[in-house]
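J.: Sharing a structure here in structure tokens format.
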Amino acid sequence: MTNNLDIISSTSTADIISWLKKENVQAIHATNGIYAAPRDLVVPTTLAGFEYITDQPENAAGALVIAVNSDKSVRHLAHHAAAEGKTFKAPNEDENTRARKVLEAVAAQHPNRKVIGLYYDETTPNALYDALAGDPDINMKTLFKFGYGTDPKSARIEGAANFSTIYGFPFPNDDKPLCHELTVDEDQSAFVCVHDLTVENRMHNTPYLSKSNKVLFPVATSLVQYRQLPEAPQTQTTTPDTPKP
């Protein structure tokens, strides 16, 4: 585990707040999810989301936080989905594996930022975000969601009311929210900023993500598998003129 990464195993909000205070964490930029999908899907989108956040000058400080559905939360989701006749495919990885999948990548990409993993046992992170927002010493700066918030009048971004700025990022080539069958529709267009990172420019007119879900910005050496490398320039070969008879 890199020196800038901490994973808090306790799901007690009192324990979490106590730890944040001990570590002098005063501002938070967050995202959350189950992270059951393969690395090639969730790592590039998570990297791109935090890259967009940290590119904004007003976000120069603050910890990068990823809140993950605990194994207990996943069991609750499966139970609720079954009770309502909805589809939910339970992950085959435990909470620690799912969390590290994205946390270690973000920590490698942002070695000068504190990166924190949190777990929540409820079906949504609302109770966690409510508790954090209720502490006057913690500034809830930004929240982003991939898959949720692609249409601010569609799937609700849970916990959004606790943050100053909320971003919804569409998945590349997919206009349906992730887990749309489990997500309540709600018009959040008054405060959700939707940005397509396959279009949104970072620098030199280059988007953050390719349509094939590869990042288009420089990454740490250990993350090069998630980056779309520039194509090598094609060299033109010329055929010497054939002497005329």
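The values are calculated or read from the model by the stated rules, or taken from the named source; none is laboratory data. On a predicted model such as this, the values are computed, not experimentally measured, just so you know. When we count neighbours, we look across all protein chains shown, and the Cβ atoms used for this are built from the backbone with ideal geometry, even at glycine.
J.: Look through ASP151, ASP175, ASP187 and report the one residue that is loosely packed, with under 12 Cβ neighbours inside 10 Å, within 28 Å of GLU58 (Cα to Cα), modelled with pLDDT under 95 and among the charged types (D, E, K, R).
T.: Criteria check complete, one pass: ASP187.
J.: Another question, then. Among the residues of the range 93-109 satisfying the criterion of being out of contact with any strand residue (DSSP E or B) (no Cβ under 8 Å at 6 or more places or on another chain) and not small (Gly, Ala, Ser), which is surrounded by the most Cβ atoms within 10 Å (Cβ to Cβ)?
T.: If we take residues in the range 93-109 being out of contact with any strand residue (DSSP E or B) (no Cβ under 8 Å at 6 or more places or on another chain) and not small (Gly, Ala, Ser), then GLN109 is surrounded by the most Cβ atoms within 10 Å (Cβ to Cβ).
J.: With respect to LYS72, is the statement that it is touching a residue at least 12 places away in the same chain (Cβ under 8 Å), part of a helix (DSSP H, G or I), surrounded by fewer than 19 Cβ atoms within 10 Å (Cβ to Cβ) and among the basic types (Lys, Arg) true?
T.: yes
J.: For LYS141, which of the numbered conditions (1) at pLDDT 95 or above; (2) out of contact with any strand residue (DSSP E or B) (no Cβ under 6 Å at 6 or more places or on another chain); (3) among the charged types (D, E, K, R); (4) part of a strand (DSSP E or B) fails to hold?
T.: Only one criterion in (1) at pLDDT 95 or above; (2) out of contact with any strand residue (DSSP E or B) (no Cβ under 6 Å at 6 or more places or on another chain); (3) among the charged types (D, E, K, R); (4) part of a strand (DSSP E or B) is unmet by LYS141, namely (2).
J.: Quick check, is ASP121 touching a helix residue (DSSP H, G or I) at 6+ places or on another chain (Cβ under 6 Å) and among the acidic types (Asp, Glu)?
T.: So ASP121 passes the test.
J.: Let me ask something else about it. Does LYS101 satisfy the criteria of being within 16 Å of the chain's Cα centre (by Cα), at pLDDT 80 or above and in a strand (DSSP E or B)?
T.: no
J.: Of the numbered conditions (1) closer than 29 Å to HIS76 by Cβ; (2) in a loop (DSSP other than H, G, I, E, B); (3) without any contact (Cβ under 8 Å) to a residue 60 or more places away in the chain; (4) not acidic (Asp, Glu), ASN24 fails exactly one; give the number of that condition.
T.: ASN24 satisfies all of (1) closer than 29 Å to HIS76 by Cβ; (2) in a loop (DSSP other than H, G, I, E, B); (3) without any contact (Cβ under 8 Å) to a residue 60 or more places away in the chain; (4) not acidic (Asp, Glu) except (1).
J.: I've got another one for you. Restricting the range 6-64 to residues that are aromatic (Phe, Trp, Tyr) and surrounded by 21 or more Cβ atoms within 10 Å (Cβ to Cβ), which is farthest from LEU209 (Cα to Cα)?
T.: TYR35
J.: Please work out which residue is farthest from the chain's Cα centre (by Cα), limiting yourself to the range 43-69 and to residues that are of a type in the set (Val, Ile, Thr) and in a helix (DSSP H, G or I).
T.: THR54
J.: Please find, among ALA90, ALA81, the residue that is surrounded by fewer than 19 Cβ atoms within 10 Å (Cβ to Cβ), part of a loop (DSSP other than H, G, I, E, B), hydrophobic (A, V, I, L, M, F, W, C) and modelled with pLDDT under 95.
T.: None of the others qualify; the one that does is ALA90.
J.: Could you check SER212 against (1) touching a strand residue (DSSP E or B) at 6+ places or on another chain (Cβ under 8 Å); (2) modelled with pLDDT of 80 or more; (3) in a loop (DSSP other than H, G, I, E, B); (4) exposed (fewer than 15 other Cβ atoms within 10 Å of the Cβ) and say which number it fails?
T.: Among (1) touching a strand residue (DSSP E or B) at 6+ places or on another chain (Cβ under 8 Å); (2) modelled with pLDDT of 80 or more; (3) in a loop (DSSP other than H, G, I, E, B); (4) exposed (fewer than 15 other Cβ atoms within 10 Å of the Cβ), SER212 violates only (1).
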